[in-house]
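All remarks here apply to the structure that follows.
The values are calculated or read from the model by the stated rules, or taken from the named source; none is laboratory data. Remember, predicted model here, so these are calculated numbers, not experimental data. Glycine gets a Cβ as well: all are built from the backbone with ideal geometry, and neighbour counts include every protein chain shown. What goes into the accessible areas is simple: the full protein's heavy atoms, side chains included, and nothing from ligands, DNA or RNA. Shrake-Rupley method; radii C 1.70, N 1.55, O 1.52, S 1.80 Å.
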Amino acid sequence: MAILGAINPMLSLGLDGDNAWRLADYVKRGGYSALKRILAEKMPQEQVINEVKKSVLRGRGGAGFPTGLKWSFMPRSFPGEKYVVCNSDEGEPGTFKDRDILRYNPHSVIEGMAIAAYAMSATRGYNYIHGEVWEIYTRFEEALDEARAAGLLGENILGSGFNFDLFAHHGYGAYICGEETALLESIEGKKGQPRFKPPFPASFGLYGKPTTINNTETFGSIPFIMSLGGEHFLEAGKENNGGTKLFSVSGHVNKPGNYEIPLGTPFSTLLEMAGGMRGGRKLKGCIPGGSSSPVVPGEIMMGCTMDYDSIAKAGSMLGSGAVIIMDESTCMVKALERLSFFYYEESCGQCTPCREGTNWLYKVVHRIENGQGRPDDLDLLASVTANIMGRTICALGDAASMPVQSFIKHYRDEFAYHIEHKKCLVPLEVQRAGSGFFKATV
Amino acid sequence: MLEIEIDGKQAQVPAGSTIMDAAQLLGAYIPHFCYHKKLSIAANCRMCLVQVEKAPKPLPACATPVTNGMKVFTHSELAIKAQKGVMEFLLINHPLDCPICDQGGECQLQDLAVGYGGGASRYQEAKRVVFHKEVGPLISMQEMSRCIHCTRCVRFGQEIAGIMELGMANRNMHSEIQTFVGRSVDSELSGNMIDLCPVGALTSKPFRYSARSWELARRRSISPHDSLGANLTVQVKGNKVMRVLPRENEDVNECWISDKDRFSYEALNSPERLSKPVIRVDGALREVEWNVALDYVSHALKDIAQNHGGEAIAALASPHSTLEELHLLQKLTRALGSGSVDFRPHRRDFSADGKRAGTPWLGMKLSEIKDLDAALVVGSFLRKDHPLFAQRLRQLARKGGKVSLLSVTADDSSINVHARLTVSPAELVLALGGVVKAAARQKGVAVPSGLELVEPCASGKAIAESLLQGEGEKGKRAIFMGNVAEQHPQATQLHALALELAKLTGASVGFVGEAANSVGGYVAKALPTALDGYEMFAQPCKAYLLLGIDPEIDCHNPQQAVAALKQSALVVSLSSFKSGAALDYADVLLPIAPFAETSGTFVNAEGRVQSFNGVVRPLGDSRPGWKVLRVLGNVLALPGFDYDSSEQVRDEILPEGGVFVAGLDNGLDSGLSDLTLAPGAAASGLQRIADVPIHFADPLVRRAPALQQTRDAALPAARMSAATLAQQGVAAGSQVRVKQAQGEALLLAVADETVPAGCVRVAAAHASTAALGDMFGAISVERA
């Protein structure tokens, strides 16, 4: 069982047994009833989109853009091919929810994509699956086969005259391919590099055709919105933050894993569900929305509720819902060094500020961590991040800068100590005690 | 139209324009690297970030579309801060080795660093090192650490040259520009990447480290090679041509030149240059003074005219000669009493002469190609024969124009073609006839007589269909006759069929022309009234005047040409070079100046008159060809040779002046009346297909060392399809003896599926195949 805990779950409801992912089980749980009803009633496209708008479902991939609004940008009457694309290129450190959705509830995504395709007059869809979770890809292919065999995909679905073909496409593990336009380039067989926008995918997307790209969890939520009604979905969460959401809790907790909770649930409740802090230590900081979101100090985090608005108020982002918990044994310089290395490594190298800047950031943080820091390094980091942010083709430059800015902002004394004393403020034995890897020696 | 205000200056721009377009319109400079007006927008250098009112962050001017009422600030605090920030990033890993960099002095990064760079670097870490790459003889990629990843070279390959030869491998700061593993850059337009590179990453291999850009004088010239007449800037140091760059002319070469335009200058300083007049005395060649040589020629010509009649003299010029040289040569020859003068040594079928309605030309302006809906190119090794003309067709196809090819090999044209029909040379007429017939049928009109037995194939029908689309609208469809169509033994039939197809479809007919003065030769009337360029060797003459030509390489049938020259009493060769064969048969060698050392005029394919001056003094004792012919006329005491300048000669040919020559017309007086096409008439044995490889096409490129090391200058081989190889019982990779008439050549057999069945592709214009005969016709292959 993948979802370790839930409050009023939707996506993770009833996922018991080894066959929960199969079509038969999904149908038993009420699956495909929404699609069947829409097709049988020949529900107007506008009504489907309105229902999604009413639900205030916000994009689960990270940006939190209202899904209904995104769908309404699609030029439905535009002649020719249109595409819906599912972004399952889950590569952000800390995020591991989409793989579980695809592993345990793949048909919810298939149904959601079919409904989306219906609402936007698309006839083809792709699910781009991260290359490092191969077994998820093969499972999704199996689920597709089941859906095709049952006539839920393909030509003239359920005799309605609606055609929709869905294909799985696996990447090779590049983080940047999670950026929607890089993902499109990658599906097209090109090097995964973001396109500059405008034009946006809604007008010039996959193969130059109108395209809507949503996250796996977003598509997975659609069947619930359509069967429960948009308002009911909204009420499941809180105002302006509709529905429940999966949170991938990792780090210094006793039970790291995925948890489905209504948006607006207090952070403390989530922390409790995850078994509380490991070793009973104090929460030092939390990265609430995947590694690119700014870190939030523990005391502020404890006062937050898990929804887009509350986290934004705390100066961070709910992002993809990847909650990284760091206790007091964490050296924040080392943590930042690891994050900066990730963004340097994953920069696509296309545009100047990101290509050169991420490398520069990593080198400076690496230097500080290794006792080579210089007095003006913190100002230098601030200046370099300012030169990256807002000047790049895609958001990776921002994603690389925000951790640096927030870590220095909240833990400046630790960085300063590192630079001055050439060693860590958190004693090494404390770090080792907290790491979990050095148990034998301490 | 949209209103935009940039730095307080207002302008109106059409919808779809970017801020960069508007800025250029207003003359406001926005710093940039990756942006280039002829390439797609990449927006990756981020140097052109500007402030836009109401936008929260700076936006790239090259990629941001103008919206109505937009206010842009290119030098506001926000914009300058962004630009300086990007410049710092560009410089942190750049080696800053300007003092030893070839690009120094003409480097965009260097120039912009003065304005936007800091005095010292805040970057204290180790700099990136990028390994050098070996990509062939033309482009140096020795210092790739200088690369700023603007991808102009990559986009040039994808979009302009049509082959993606360079790409950006790896990611993050380890991104590097490289070829596909181990490949070299071989496109015939590759040198343009050197111009496009905004830093010193891609530099010219032949020019490297030979001069600094500020030491060079810039002089204007015109390319003497293909029929496009590319405009050149020739850079000179002292009295030496150091390099050649494109001179932008949107109507002709845009901002590009082909590699042979760019690198042929190396031959100007070749050790093979002829620098003094030479005459044969008692069987040995001896250097003499000009007056001695010209006296000798004058006496010898007079003797032959007296003893054998003027008609025993024949004159053959290279179509790469200037208009003035061609005019004086024909004037001199006619004054000596001979009508045997020609400038088309590669031609076989001259039956159109005397029936032409005017001067054959492209049929349209080069700049009109982009407006076509459909084009058919008949008989051409398109990319190699006409690199920049092919580039224009490539752009046409990219924008949705239907470009079709009917030719004798299926070479990669790097054009997204609509339809392609590849047939043996013997079937070329039949295939074009098929297209004509398909067009007539699709249009529902009577099939022209003579085509009753022809049956069009599917590709032929598709070609006809594309040419018929939107019929009636003028200037939307064109038929272009390539070099093969002109060199073909039934060139006039092809011409007549093209005219017939044009009549049915409303398309224009044009000749692309093989050389710089393929139109100019007609204008200069360097045309035979007696023996033509082929017959003058088939029926040996007593004396030959050769102008800028190596007949053993440049003729349709070199075997026959050399035999005729060897038996003649007098061969006078006006040439810039001494070639091995000429030393054997020539009695007099007169050194004439190549294009860089003489004034003159080329008339390009569209009839554009492009005059130029010499950019350096003639080497040694060589003299401009027009002066040599003028003095020879004086020594022969012929009337009308008293010119003071090449302009006087030109004005005699073109008294009306003007940018384009008058009388351009591709019509033929007689139509298809005497033509009957019957399938199955094709020859049964093996046929030869001869191309003129791009870097053997004229005496200059043949002697340019860097060009001679390219893949395009590889030794000719006997290329056949695998089936034909098997039929002949030879294995690919083995030596074969190729025979034509009395001549033979030992060549390597190569399997090549682009060659139609029953054909062998053996390149002309090379010493190793000079012993062979006609470019098209029967040939045999046997194991060596």
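Does B:A538 satisfy the criteria of being open to solvent by 20 Å² or more (accessible area, probe 1.4 Å), out of contact with any Ser or Thr (no Cβ under 7 Å at 6 or more places or on another chain) and without any contact (Cβ under 8 Å) to a residue 40 or more places away in the chain?
Considered against the rule, which asks whether it is open to solvent by 20 Å² or more (accessible area, probe 1.4 Å), out of contact with any Ser or Thr (no Cβ under 7 Å at 6 or more places or on another chain) and without any contact (Cβ under 8 Å) to a residue 40 or more places away in the chain, B:A538 comes out as yes.
Of the residues B:L285, B:L268, only one is farther than 30 Å from B:A161 by Cα and not in a loop (DSSP other than H, G, I, E, B); which? Steps first, please.
Values: B:L268 fails: farther than 30 Å from B:A161 by Cα.
After applying the criteria, what remains is B:L285.
For residues that are in a helix (DSSP H, G or I) and surrounded by fewer than 19 Cβ atoms within 10 Å (Cβ to Cβ), scanning just region A:147-158, find the one that is nearest to the chain's Cα centre (by Cα).
The extreme case among them is A:R148.
Just to be sure before I move on: is A:A122 open to solvent by less than 30 Å² (accessible area, probe 1.4 Å), assigned to a helix (DSSP H, G or I) and closer than 20 Å to A:I225 by Cβ in the structure I sent?
No: the conditions fail for A:A122.
Pick out the one residue from B:A426, B:A439 that is assigned to a helix (DSSP H, G or I) and at pLDDT 95 or above. Before the answer, list the steps.
Details: B:A426 fails: at pLDDT 95 or above.
After applying the criteria, what remains is B:A439.
In region B:616-633, what residues are exposed (fewer than 15 other Cβ atoms within 10 Å of the Cβ) and not small (G, A, S)?
Correct list: B:R617 only.
Is it true that B:I415 is out of contact with any His (no Cβ under 9 Å at 6 or more places or on another chain), under 20 Å from B:G513 (Cβ atoms), of a type in the set (A, V, I, L, M) and in a loop (DSSP other than H, G, I, E, B)?
So B:I415 passes the test.
What single numbered condition from (1) open to solvent by 20 Å² or more (accessible area, probe 1.4 Å); (2) hydrophobic (A, V, I, L, M, F, W, C); (3) farther than 21 Å from A:P297 by Cβ; (4) within 14 Å of chain B (Cβ to nearest Cβ) fails to hold for A:V384?
With (1) open to solvent by 20 Å² or more (accessible area, probe 1.4 Å); (2) hydrophobic (A, V, I, L, M, F, W, C); (3) farther than 21 Å from A:P297 by Cβ; (4) within 14 Å of chain B (Cβ to nearest Cβ) applied to A:V384, the lone miss is (1).
Just the residues that are open to solvent by 10 Å² or more (accessible area, probe 1.4 Å) and at pLDDT below 95, please, taken from region B:580-592.
Correct list: B:G580, B:A581, B:L583, B:D584, B:Y585.
Conditions: (1) within 11 Å of chain B (Cβ to nearest Cβ); (2) open to solvent by 10 Å² or more (accessible area, probe 1.4 Å). A:S347 meets all but one. Number of the miss?
The number of the failed condition is (2).
Search region B:437-461 for residues that are without any contact (Cβ under 8 Å) to a residue 60 or more places away in the chain and under 15 Å from B:L677 (Cβ atoms) and pair each with any residue that is of a type in the set (K, R) and open to solvent by less than 60 Å² (accessible area, probe 1.4 Å) when their beta-carbon atoms are under 6 Å apart and the residues are at least 6 apart or on different chains.
Hits for this filter: B:V447/B:K437; B:P456/B:K437.
Out of all the residues in region B:147-179, which are farther than 18 Å from B:T710 by Cβ and either of a type in the set (D, E) or in contact with a Leu (Cβ under 8 Å, 6 or more places away or on another chain) (or both)?
Kept after step one, since they are farther than 18 Å from B:T710 by Cβ, are these residues of region B:147-179: B:147-152, B:154-155, B:158-160, B:164, B:167-178.
Of everything in region B:147-179, those that are farther than 18 Å from B:T710 by Cβ and either of a type in the set (D, E) or in contact with a Leu (Cβ under 8 Å, 6 or more places away or on another chain) (or both) turn out to be B:I148, B:R152, B:V154, B:R155, B:E159, B:I160, B:E176, B:I177, B:Q178.
Within region B:530-565, track down each residue that is of a type in the set (D, E, K, R) and under 23 Å from the mean Cα position of the chain (by Cα).
Hits for region B:530-565 are B:D550, B:E552, B:D554.
Determine which single condition B:R347 fails, assuming it passes every other condition in (1) part of a helix (DSSP H, G or I); (2) under 21 Å from the mean Cα position of the chain (by Cα).
(1)
Filter region A:297-315 for residues that are open to solvent by less than 10 Å² (accessible area, probe 1.4 Å) and within 18 Å of the chain's Cα centre (by Cα) and give the result.
A:M306, A:D307, A:I311
Take region B:584-602 and flag every residue that is under 29 Å from the mean Cα position of the chain (by Cα) and of a type in the set (A, V, I, L, M, F, W, C).
B:L589, B:L590, B:I592, B:A593, B:F595, B:A596, B:F602
Need a quick list: strands (runs of 3 or more DSSP E) entirely within region B:153-265 having at least 2 residues that are touching a strand residue (DSSP E or B) at 6+ places or on another chain (Cβ under 6 Å), touching a residue at least 40 places away in the same chain (Cβ under 8 Å) and small (G, A, S).
Per the criteria, no element qualifies.
Find the residue count for region B:160-189, including only residues that are within 24 Å of the chain's Cα centre (by Cα) and at the interface with chain A (Cβ under 9 Å from one of its Cβ atoms).
Residues flagged as within 24 Å of the chain's Cα centre (by Cα) and at the interface with chain A (Cβ under 9 Å from one of its Cβ atoms) within region B:160-189 amount to 0.
Is it the case that some residue within region B:360-372 is at negative phi, open to solvent by less than 10 Å² (accessible area, probe 1.4 Å) and in a strand (DSSP E or B)?
Checked against the condition, which is being at negative phi, open to solvent by less than 10 Å² (accessible area, probe 1.4 Å) and in a strand (DSSP E or B), region B:360-372 yields no hits at all.
Quick test for you: out of A:T330, A:T352, pick the one residue that is within 12 Å of another protein chain (Cβ to nearest Cβ) and more than 17 Å from A:E92 (Cβ to Cβ).
Of the residues listed, the single one that is within 12 Å of another protein chain (Cβ to nearest Cβ) and more than 17 Å from A:E92 (Cβ to Cβ) is A:T352.
Pick out the one residue from B:L570, B:L547 that is touching a Phe, Trp or Tyr at 6+ places or on another chain (Cβ under 9 Å) and under 25 Å from B:S645 (Cβ atoms).
Of the residues listed, the single one that is touching a Phe, Trp or Tyr at 6+ places or on another chain (Cβ under 9 Å) and under 25 Å from B:S645 (Cβ atoms) is B:L547.
Of all helices (runs of 4 or more DSSP H) completely enclosed by region B:1-119, which ones contain at least 3 residues that are of a type in the set (V, I, T), closer than 26 Å to B:E176 by Cβ and within 14 Å of chain A (Cβ to nearest Cβ)?
Once the helices (runs of 4 or more DSSP H) in region B:1-119 are filtered for at least 3 residues that are of a type in the set (V, I, T), closer than 26 Å to B:E176 by Cβ and within 14 Å of chain A (Cβ to nearest Cβ), nothing remains.
Can you report the number of residues in region B:120-151 which are within 13 Å of chain A (Cβ to nearest Cβ), open to solvent by less than 60 Å² (accessible area, probe 1.4 Å) and either of a type in the set (K, R) or free of Cβ contacts under 8 Å to residues at least 40 places away in the same chain (or both)?
Qualifying residue count, region B:120-151: 3.
Scan region A:192-220 residue by residue and report those that are in contact with a Cys (Cβ under 8 Å, 6 or more places away or on another chain) and closer than 24 Å to B:C34 by Cα.
Residues satisfying the conditions are A:G192, A:Q193, A:P194.
Inside region A:368-377, can you point out the residues that are within 11 Å of chain B (Cβ to nearest Cβ) and under 15 Å from A:F407 (Cβ atoms)?
A:D377
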